[in-house]
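Novice: Please find one structure pasted underneath; my questions will follow.
The values are calculated or read from the model by the stated rules, or taken from the named source; none is laboratory data. No experiment lies behind these values; they were computed from the predicted model shown. Ideal geometry is used to build each Cβ from the backbone, glycine not excepted, and the neighbour counts take in all protein chains shown. Please note that ligands, DNA and RNA were not included when accessible areas were found on the heavy atoms of the full protein model with its side chains. Shrake-Rupley method; radii C 1.70, N 1.55, O 1.52, S 1.80 Å.
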Amino acid sequence: MIKNPLKRRIYLDYASMTPIDPRVVKEVVKYSSPRFANPSSLYAEGVAAKKVLAESRKKVADFIHAHPDEIIFTGGGTEANGLALEGVVQAAHAAGIEKPHIIVSSIEHSSVMETVAMLEKHGCEVTRLSVDHSGVVSLDDLRKAIRSSTVLVSIMAVNNETGVIQPLREIAKIIRQEKSANYPLFHTDAAQAVLYQEVFVEKLGVDLLTLDGTKVYGPRGTGCLYVKRGTPIEPVVHGGGQEGGLRSGTENIPAIAGFARALEIVGSERGSVETKSASEVNRVRDLSDMMAAGLKEIDSRIIFNGRSVEHAPHILNVSIPGIDNEFFLFQLDARGIACSTKSSCLRDEEESYVLKAMRADSATAIRFSFGRWTTKAEIKRVLKAVKEILNNQ
């Protein structure tokens, strides 16, 4: 059993950021010193670093069943999302499409929402698909939204606030049916998906896919964008032409090696579809179910946002009647428990736009998210704390 790096606090905010696995830390240290050379250098140390880069690229590609040359390492999920959106739009402009049209859901991560808002200001047309009360996009609305100028559809795989899983294969099928020449392309932010779902990019039917090291027990400031061979996309960052010309800048070998190692560990613990070995998936699902049952016993009026449809096991979003969610969070924090009221990326937002889009009560919502070091004993302590706080209101 790998030692818990979280010490005495109860950490229930894994969807925001996972702790770095000690095994990943060893990998990062290994390639930080003395193996520190620039992989573009031609001397022995540079060649060795380039080999590590190639090996890491293959590991990440194998994890999502892609080709190594389809993996573009980035500085994280936000950058990968930005490259997907801006890069596709720039390529569309280069192809003579004057007003590229983009389709996103109304519950995408802020890195997608803010990027499309920026592109909209610069002449792009954007359709933001609404979701139902469960947080799922309408396939009929998607079909109606696609037009001849649509260059990209971006729908996340798993929502970071509710854990709701979107029907990516059905979405891909609709896009294929409407496709003319290269467009529309299909991008998905899969940052929250890969811990508990096996990802086959070909089976999903995506052209671009985002991963983030901070969501998979990997190093901070690392991630990647899968870009299917032949996908029209232009670089956003220019310079030395690294990463197949799509992401210039000296590659962060220690972080990339750590990211690849983190995904290896995820794959081994998650198991595969073929073997039906998913001990960590089942363990985390049991913890989530235990938490949900305990909360319902405390107050039967508690609403579980997004739990009525297919959802990832590690995220539990609840609306607790009568609470001020920020004050409630501070009360839990004082008892040594860390959780969230919304996505941590919504720093300046008073409430969650995701829950508003679902017509849920965002002012009373708390997100608990579980992970590798969450235990049943911790869940019991959290439930006891919740009961005490509610009884003292």
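Novice: Is segment 319-330 home to any residue that is farther than 16 Å from ASP361 by Cβ and polar (S, T, N, Q)?
Specialist: Taking every residue of segment 319-330 in turn, none turns out to be farther than 16 Å from ASP361 by Cβ and polar (S, T, N, Q).
Novice: So which residues in segment 124-151 are more than 24 Å from SER16 (Cα to Cα), open to solvent by 30 Å² or more (accessible area, probe 1.4 Å) and touching a Lys or Arg at 6+ places or on another chain (Cβ under 8 Å)?
Specialist: GLU125
Novice: For the list (1) crowded, with 17+ Cβ neighbours inside 10 Å; (2) outside any helix (DSSP H, G or I), I need the number of the one condition that LEU83 fails.
Specialist: Of the numbered conditions (1) crowded, with 17+ Cβ neighbours inside 10 Å; (2) outside any helix (DSSP H, G or I), the odd one out for LEU83 is (2).
Every residue, every condition in (1) surrounded by fewer than 22 Cβ atoms within 10 Å (Cβ to Cβ); (2) at pLDDT 95 or above; (3) more than 19 Å from GLY75 (Cβ to Cβ), yes or no:
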residue	(1), (2), (3)
LYS173	yes, yes, yes
GLU178	yes, no, yes
ALA181	yes, no, yes
LYS203	yes, yes, yes
LEU208	no, yes, no
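Novice: I would also like to ask the following. List, please: which pairs have Cβ atoms under 6 Å, are six or more places apart or on different chains, and start with a residue in segment 222-242 that is within 17 Å of ASN252 (Cβ to Cβ) and in contact (Cβ under 8 Å) with a residue 24 or more places away in the chain and end with one that is among the acidic types (Asp, Glu) and in a strand (DSSP E or B)?
Specialist: GLY223/ASP212
Novice: Taking ARG335 as the residue in question, decide whether it is open to solvent by 20 Å² or more (accessible area, probe 1.4 Å), under 17 Å from GLN393 (Cα atoms) and of a type outside the set (Phe, Trp, Tyr).
Specialist: It is true that ARG335 is open to solvent by 20 Å² or more (accessible area, probe 1.4 Å), under 17 Å from GLN393 (Cα atoms) and of a type outside the set (Phe, Trp, Tyr).
Novice: Sticking with this one: Pairs needed: first member in segment 312-323, closer than 17 Å to ALA15 by Cβ; second member anywhere, crowded, with 22+ Cβ neighbours inside 10 Å and among the acidic types (Asp, Glu); C-beta distance under 7 Å; at least 6 residues apart or different chains.
Specialist: ASN317/GLU161
Novice: Kindly indicate whether any position in segment 47-69 is under 13 Å from TYR226 (Cβ atoms), open to solvent by less than 10 Å² (accessible area, probe 1.4 Å), in contact (Cβ under 8 Å) with a residue 24 or more places away in the chain and among the acidic types (Asp, Glu).
Specialist: No: segment 47-69 contains no residue that is under 13 Å from TYR226 (Cβ atoms), open to solvent by less than 10 Å² (accessible area, probe 1.4 Å), in contact (Cβ under 8 Å) with a residue 24 or more places away in the chain and among the acidic types (Asp, Glu).
Novice: I'm checking my understanding of the structure. Among residues of segment 305-332 that are surrounded by fewer than 18 Cβ atoms within 10 Å (Cβ to Cβ) and aromatic (Phe, Trp, Tyr), which one is farthest from LYS384 (Cα to Cα)?
Specialist: So the residue we want is PHE327.
Novice: Let me ask something additional. When segment 365-384 is examined, which residues are found to be open to solvent by less than 10 Å² (accessible area, probe 1.4 Å) and either of a type in the set (Val, Ile, Thr) or closer than 18 Å to ASP299 by Cα (or both)?
Specialist: Across segment 365-384, the qualifying residues are ALA365, ILE366, ARG367, PHE368, THR374, ILE379, VAL382.
Novice: Moving on. Do you know which residues across segment 138-174 are more than 23 Å from GLN192 (Cα to Cα) and aliphatic (A, V, I, L, M)?
Specialist: ALA145, ILE146, VAL151, ILE174
Novice: Another question about this same structure. Out of the residues in segment 22-37 that are open to solvent by 50 Å² or more (accessible area, probe 1.4 Å) and outside any helix (DSSP H, G or I), state the one that is nearest to ALA157 (Cα to Cα).
Specialist: SER32
Novice: Within segment 152-162, is there a residue that is surrounded by fewer than 23 Cβ atoms within 10 Å (Cβ to Cβ), among the polar types (S, T, N, Q) and at pLDDT 95 or above?
Specialist: No - not one qualifying residue is present in segment 152-162.
Novice: Can MET1 be described as aliphatic (A, V, I, L, M), modelled with pLDDT under 95 and closer than 30 Å to HIS314 by Cα?
Specialist: Criteria met by MET1.
Novice: Does LEU195 qualify as being under 30 Å from SER362 (Cβ atoms), open to solvent by less than 10 Å² (accessible area, probe 1.4 Å) and of a type outside the set (Lys, Arg)?
Specialist: no
Novice: So, one more: Taking the condition of being more than 13 Å from ASN160 (Cα to Cα) and either in contact with a Lys or Arg (Cβ under 7 Å, 6 or more places away or on another chain) or open to solvent by less than 10 Å² (accessible area, probe 1.4 Å) (or both), how many residues in segment 107-123 meet it?
Specialist: Matching residues across segment 107-123 total 2.
Novice: Something else about it: Within segment 348-359, which residues are touching a Ser or Thr at 6+ places or on another chain (Cβ under 6 Å) and either surrounded by 17 or more Cβ atoms within 10 Å (Cβ to Cβ) or among the acidic types (Asp, Glu) (or both)?
Specialist: The answer is GLU351, SER352, LEU355, ALA357.
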